[in-house]
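S.K.: The structure under discussion is supplied below as structure tokens; questions concerning it will follow.
Readers should treat all values here as calculations from the given coordinates under stated rules, not as data from a laboratory. Just so we're clear, the structure is a prediction, and the values are computed from it rather than from any experiment. Here Cβ is always computed from backbone atoms with ideal geometry, including for glycine, and neighbour counts include all displayed protein chains.
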Amino acid sequence: MHINFVGTRALLIDLDGLNQVMDWHAALSAKPLKNQVDCIAAATTLLLTFEAPDSARDAAEFLQDFSPAAATAAEARTVEIDVLYDGEDVDEAADLLGLSREALISWHTSTEWTAAFGGFAPGFTYCAPSDPSQARAVPRRSSPRTAVPAGAVGIAGEFSAVYPRVSPGGWQLLGTTNTPMWDSNANPPALVQPGDRVRYRSVDKLPELVDHSARSKRAPARLPRMEVIDAGLLTLYQDLGRPGVGDLGVTPSGAADRAAAATANVAVGNPRGATVLENIGGIKLHALTDTVICVTGATARVRLGEMPVHLARPVLVTAGQTVTVDPATVGMRNYVAIRGGIIAESELGSAATDVLSGLGPDPVTTGDVIGVLPRSTGMTDAQLANPLRVRESSDGKTRATLRCVLGPRDDWFGDNVSAFLDTEWTVTSDSNRVGLRLDGEEPIERVKDGELPSEGMVAGSIQIPPNGKPVVFLRDHAVTGGYPVIATVLEEDIDIAAQLPPGARVNFELVAPQALNTGDKNAD
């Protein structure tokens, strides 16, 4: 067992195989450590995230002598999944394993599978044979598909899983099922959860099912406040996201720039975590009733009618007036809070739109009416500063330095870590809420061969894919990933990363995991 710091608020624990991972996961899920948020199992690791740096440090010390009891198989639930073995890769997978088509299907259906850990999408659960002697390893496809259909049943490595929704993937597809793997309205929402036993059953025809998984469109009572005249390039509902359900394949998501969203809310008298609008490319709103709003985030011209409005200041808007936020000149994202708190469709307790998984409400479009909760609010605050922490240099480029903690997989890069730190990186145009994609003069080369088993990721993880170009994960990152993480951006600096537009220049500065000696949760 080896404990690695992941930034300052998470630990990645290397364990001795999947069985030990599942024992630790069961123990730490049943009895979480102080201020533990997520407990994410993977093939050979367990990721624990915490509310504050001091909690992570205390946990690292406590876990040095931790020894969980083995999980009790008798407590497991069995899930049966009907499969029509008509997959595109069933014959190729059989050849790779040296089996006939019939023998492959027989192996897959006769094996009892144990749900080990959640994957890259809500409801995608990696399952391994309960009896290790029945395990068979099959390689992933050399060329992943850009769109694997929902319900596809696949195998890769020693694992089997069902794709709950359309998504990219490189697994060998054996068949299809129409068994719903995810329903946000159910409790629990994932059909298969870590520790469950899974049986695949071969059928000639899939049974007819009644789909109960459609989202409920009912929302709490609301008071219409604003009509969207122009939604800009992208406007999303965001709050503080969905922490604590990572083992179901659900990333926390939430406002990309937490400080900007919280400042906008506090300015109008809302709770810090109330729902706001997160905008790229400008937005224009028409007031349907008198209300109070605040705009924060990127440097942009804001007008009430034709009158200039300061960022981070509460503004009274009377019925019939318009508020215009122009495209940002420095930074990337603006936040609009409305007094009372914006109301939007909620999934898993949050109105955050997760662009990777599809959870949460649809993006805001022109013509939408924005409503607020009919609740009392606090006092407005006109003394706040806009928390933007990126700057424009004399050459017109946006520049920022992101503090990071080395690892947890810096050993994959040896002395090339220095090249990573010495390079001024450029944000590319294919960056989004999932992550910043960076380019530099020279790619970062690995000193280790082979593949890294998928393991838990956090916002701030800096993956180095085979092309050597870093990807800094932001709020909508995948729960697990298979590329080595050279360093992890501090939670306190993810707000900076979220405000970096394409073309911005980025440097990384190493700090020790003990750099922040506070238990403060103010990254929210």
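S.K.: Over the chain, how many percent of alpha carbon pairs lie in each 10 Å bin up to the one with the longest distance?
M.R.: 4, 18, 26, 25, 17, 7, 2, 0
S.K.: Still on this structure, I have one more. Of THR289, HIS108, LEU402, which is farthest along the charge dipole of the chain in the positive direction, counting Lys and Arg as +1 and Asp and Glu as -1 at C-beta?
M.R.: Most positive-ward Cα: THR289.
S.K.: Over the chain, what relative contact order in percent results from Cα pairs under 8 Å that are six or more residues apart?
M.R.: For the chain, the relative contact order is 15 percent.
S.K.: List the residues of the range 321-349 whose backbone N lies under 12 Å from a point placed 7 Å from the Cα of LEU223 along the Cα-to-Cβ direction.
M.R.: 339-342
S.K.: Could you list HIS2, HIS108, HIS477, HIS286 so that the one with the fewest beta carbons within 10 Å of its beta carbon is first and the one with the most is last?
M.R.: Ranking HIS2, HIS108, HIS477, HIS286 by Cβ neighbours within 10 Å, fewest first, gives HIS2, HIS286, HIS108, HIS477.
S.K.: If you don't mind, another one. Cβ under 12 Å from GLY297's Cβ, GLY297 left aside: what net charge do those residues give with Lys, Arg +1 and Asp, Glu -1?
M.R.: Taking every other residue near GLY297 into account, the sum is 0.
S.K.: OK, next. What ranking of CYS39, CYS294, CYS127 emerges when the number of other C-beta atoms within 10 Å of each C-beta is taken as an exposure proxy, fewest first?
M.R.: Going from least to most buried by this count: CYS39, CYS127, CYS294.
S.K.: Share of Cα-Cα pairs in the range 78-202 beyond 17 Å, in percent?
M.R.: Roughly 52 percent, once rounded to a whole number.
S.K.: So if we plug the beta-carbon distance of SER418 and LYS469 into 1/(1 + (r/R0)^6) with R0 = 25 Å, what FRET efficiency do we get, rounded to 0.05?
M.R.: Plugging the Cβ-Cβ distance into 1/(1 + (r/R0)^6) gives 0.90.
S.K.: Distances longer than 18 Å among the Cα atoms of the range 350-421: what percent of all pairs is that?
M.R.: 75 percent
S.K.: I'd like the distance separating the alpha-carbon centroids of the range 447-519 and the range 85-162, in whole Å.
M.R.: 30 Å
S.K.: Taking only Cα atoms, what is the 0 to 90° angle, nearest 10, from helix 258-267's long axis to the longest principal axis of the chain?
M.R.: Once rounded, the angle reads 40 degrees.
S.K.: May I ask you to work out the translational diffusion coefficient for the range 391-510 at 4 °C, viscosity 1.567 mPa s, via Stokes-Einstein with Rh from the Kirkwood sum over Cα pairs, reported in whole µm²/s?
M.R.: My calculation gives 91 µm²/s for D.
S.K.: Another question, if that's okay. Label points 7 Å out from Cα along the Cβ direction at GLU61 and SER142: separation in nm?
M.R.: Distance between label points: 5.3 nm.
S.K.: Next question, about the same structure. Compute the convex hull volume of the Cα atoms of the range 21-135, divide it by the residue count, and report the result per residue in Å³ as a whole number.
M.R.: Roughly 146 Å³ of hull volume per residue.
S.K.: If R₀ is 35 angstrom, what is the calculated FRET efficiency for the pair LEU206 and GLN20, using the beta carbon separation as r and rounding to 0.05?
M.R.: In this case the efficiency is close to 0.40.
S.K.: Along the three principal axes, how long is the range 223-372 when you take its alpha carbons, biggest first, rounded to the nearest angstrom?
M.R.: 49, 33, 27
S.K.: Given 37 °C and 0.692 mPa s, compute D for the range 2-64 with the Stokes-Einstein relation, Rh being the Kirkwood radius over Cα pairs; round to the nearest whole µm²/s.
M.R.: Diffusion coefficient, whole number: 290 µm²/s.
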